[in-house]
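What follows is calculated from the coordinates using simple rules that are stated; it is not laboratory data. For clarity, every value in this text was computed on a predicted model and none was experimentally measured. Using ideal geometry, Cβ is built from the backbone for each residue, glycine included, and neighbour counts are taken over all protein chains shown.
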Amino acid sequence: MNDKCHLELTHVNIDFPTDTGPFRALEDVSLKIDKGEFITLIGHSGCGKSTVLNIVAGLHRATAGGVILNGREVVEPGPERAVVFQNHSLLPWLSTYENVELGVKQVFKGKKSRAEMRDWIEHNLELVHMSHARDKRPDEISGGMKQRVGIARALAMQPEVLLMDEPFGALDALTRAHLQDSLMEIHASLGNTVIMITHDVDEAVLLSDRIVMMTNGPAATIGEVLHIQLERPRERLALADDARYNHYRSNVLKFLYERQKRPEESGEADDAAAPGTDDPREDVKPENIALRVVGS
Amino acid sequence: MQTETTLNKYQAYDLKFMDRLLTFLSSDQRSGGARRLVQAVGVPLAAVALFLMLWSVLAAKVQTSLGQLPGPAKVWEQALVLVDEHQAARAKEAAFYQRQEKRNAEKLAANPNAEVRIRPYTGAPTFFDQILTSLVTVATGFLIASLIAIPIGIVTGMSQTLYAAFNPIIQLFKPVSPLAWLPIVTMVVSAVYVSKDPLFAKSFLNSAITVTLCCLWPTIINTAVGVSTVDKDLINVSRVLRLPWLTKTMKIVLPSAIPMMFTGLRLSLGIGWMVLIAAEMLAQNPGLGKFVWDEFQNGSSNSLARIMVAVLVIGFIGFVLDRGMLLLQRKFSWDKSAITR
């Protein structure tokens, strides 16, 4: 086994049970990720991006193949693979501080003193610029702020891998740009490995070391991997006129809208590859089967 | 126009919250404060006035064997009479004790070793005594039911096995009118609760247990639903954090079930109050129900008006109980938006 390899997905297949038999959402997804790498997963809705992320998180088990992190197989969720959920998933009855505290208490139980934990929580809130709202409940802060707290909660668990499921999907362009900058700063200073799902081509090119483009489901897999060789730190304004940036951008666009063009551009469908929607076996119905009598 | 620009500006942020705020603001801008005042105070007042008018006009047309059906004026008059009767009874009671004390003091002055005792006052309960009895009874029944129902709701919500075990029993007993229980409860209480110096009257236990029996189901069912329908994302959060079972239950499952739990409790209390009145009427147990029944049997020309006073008071107390639960819910629930009318 390659020691250098930090996180490895090997021939991951996943089937979801449906009424008409198992539905294959992912087929033969293999990817090697180095420590500290920033990976984005991009692809059309329903192609199973979230499923890939959930398998790495341990929330789903692969039907075949598997995930190895630091030489150990991933069999269940754990705080070393923190997840930033698409809809922030903060506990509405806890304050910003308490939401972060929940994870910190769990991860650093017996390792940090109470005062150290408090400092650590405050440090992480500071990191996402949310210290001013430490005592606010999620329904008292904006969507962008909630997402920041979600990121702080994940970072505070000191994860080796940060898994982000369209973290900025529901935000407006300004807030989104702001959080992207924060994320780049944090990534530069902490050096976590990041896997992030996005629908936004600019976001993918700006943030990633590699963009993993996925084919359409069912039986989705990795179509192409694009290395983004832009030096960091990256500056969005400077990059706008950068020929390489635009080249990468058009590469991704071509993949998405020429090679993986879909008849219906739904865009809103659930990423979790809703079982049964694209099932080719749906065409196999009694009325579609013709019997030919051979011989007589 | 102004509303429109604000809408665009805020669209990005928490849509749900902003939506609500903007609806509030825009309705304010369009219709102005005066109109809202009319809506909040004027319309209900007008409706009540109309109701009272219709009541007095229509009641005058109904002749019963106990005389004309009373209108609002007659009912008001009887309400005042009931207050007077209560005060008179209290004065009588105070005088009764005063006389005894005086007599005892005299006895002790004559002979310091004399045996003195105070006999309790045994006057008939007034309307207000009956209200108090009913309130204590419903509170007791409701409390017992909640103490049983919430834990059962939690465990059935969390465990499929226990749900499967409890579900048939819950489904079978839920639709039973609690009044059907009353004879059984009465017999069981008489058989089991035998004590020379009973702490509670049997009639009180009968009513309270009947209330308990009907308060159980809505709380069990709503708690179980609340506990079993915790947002999947929040469960995933607890899985990623590898929260131990107890932490998960205390920090995630129970808080998220609280709004549903309160819904169940509110339903239970409402049903309990309605059932209590019926049970008191049927079993002749002390309380508002007995007051209504006694007045009905009494059949004086004032009886119908007095019953109507009781009806209005029952309604008002039911309303106050519901509001009280709502206040509790506001205090304890995180989800301020889930509170409905």
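Structural remarks
- Residue that is surrounded by the most Cβ atoms within 10 Å (Cβ to Cβ) [pool: residues in the range B:167-182 that are more than 21 Å from residue B:273 (Cβ to Cβ) and without any contact (Cβ under 8 Å) to a residue 24 or more places away in the chain]: B:167
- Exactly one residue among A:198, A:193, A:175 is buried (at least 16 other Cβ atoms within 10 Å of the Cβ), of a type in the set (Ser, Thr, Tyr), under 21 Å from residue A:235 (Cα atoms) and out of contact with any strand residue (DSSP E or B) (no Cβ under 6 Å at 6 or more places or on another chain), and that residue is A:175.
- Pick from the range B:221-276, criterion among the basic types (Lys, Arg) and assigned to a helix (DSSP H, G or I), ranking: nearest to the other protein chains (Cβ to nearest Cβ): B:239
- Failed item, numbered, when residue B:162 is tested on (1) touching a helix residue (DSSP H, G or I) at 6+ places or on another chain (Cβ under 7 Å); (2) more than 30 Å from residue B:224 (Cα to Cα); (3) surrounded by fewer than 17 Cβ atoms within 10 Å (Cβ to Cβ): (2)
- Each residue in the range B:279-290 was checked for being part of a helix (DSSP H, G or I) and either out of contact with any Pro (no Cβ under 8 Å at 6 or more places or on another chain) or closer than 13 Å to residue B:213 by Cα (or both), and 7 of them qualify.
- Considering the range A:39-72, the residues that are in contact with a helix residue (DSSP H, G or I) (Cβ under 7 Å, 6 or more places away or on another chain) and of a type in the set (Gly, Ala, Ser) include one that is nearest to the other protein chains (Cβ to nearest Cβ), namely A:57.
- Answer from A:177, A:188 - the residue that is more than 13 Å from every other protein chain (Cβ to nearest Cβ) and in a helix (DSSP H, G or I): A:188
- The range A:94-135, subset in contact (Cβ under 8 Å) with a residue 24 or more places away in the chain and over 26 Å from the mean Cα position of the chain (by Cα), residue farthest from the other protein chains (Cβ to nearest Cβ): A:134
- Restricting the first member to the range B:59-86 and to residues that are under 12 Å from residue B:304 (Cα atoms), and the second to residues that are among the acidic types (Asp, Glu), the beta-carbon pairs closer than 9 Å and six or more apart or on different chains are B:70/B:77.
- The residue that is nearest to residue A:243 (Cα to Cα), among those in the range A:191-205 that are among the aliphatic types (A, V, I, L, M) and part of a helix (DSSP H, G or I), is A:205.
- The listed residues are A:56, A:12, and the only one of them that is over 15 Å from the mean Cα position of the chain (by Cα) and either within 23 Å of residue A:169 (Cβ to Cβ) or not in a loop (DSSP other than H, G, I, E, B) (or both) turns out to be A:12.
- Residue match in the range A:234-251 (condition: under 30 Å from residue A:23 (Cβ atoms) and either among the aliphatic types (A, V, I, L, M) or within 14 Å of chain B (Cβ to nearest Cβ) (or both)): no
- Among the residues making up the range A:78-93, those that are surrounded by 18 or more Cβ atoms within 10 Å (Cβ to Cβ) and either away from chain B (no Cβ under 12 Å) or of a type in the set (S, T, N, Q) (or both) are A:86, A:89.
- Selection status of residue A:75, surrounded by fewer than 20 Cβ atoms within 10 Å (Cβ to Cβ), more than 8 Å from chain B (Cβ to nearest Cβ) and not in a strand (DSSP E or B): yes
- The single condition among (1) in contact with a Pro (Cβ under 6 Å, 6 or more places away or on another chain); (2) closer than 23 Å to residue A:70 by Cα that residue A:159 does not satisfy is (1).
- Scanning the range A:78-108 for residues that are part of a helix (DSSP H, G or I) and hydroxyl-bearing (Ser, Thr, Tyr) turns up A:96, A:97.
- Unmet requirement for residue A:139, which otherwise passes all of (1) facing chain B (nearest Cβ under 8 Å); (2) buried (at least 18 other Cβ atoms within 10 Å of the Cβ): (2)
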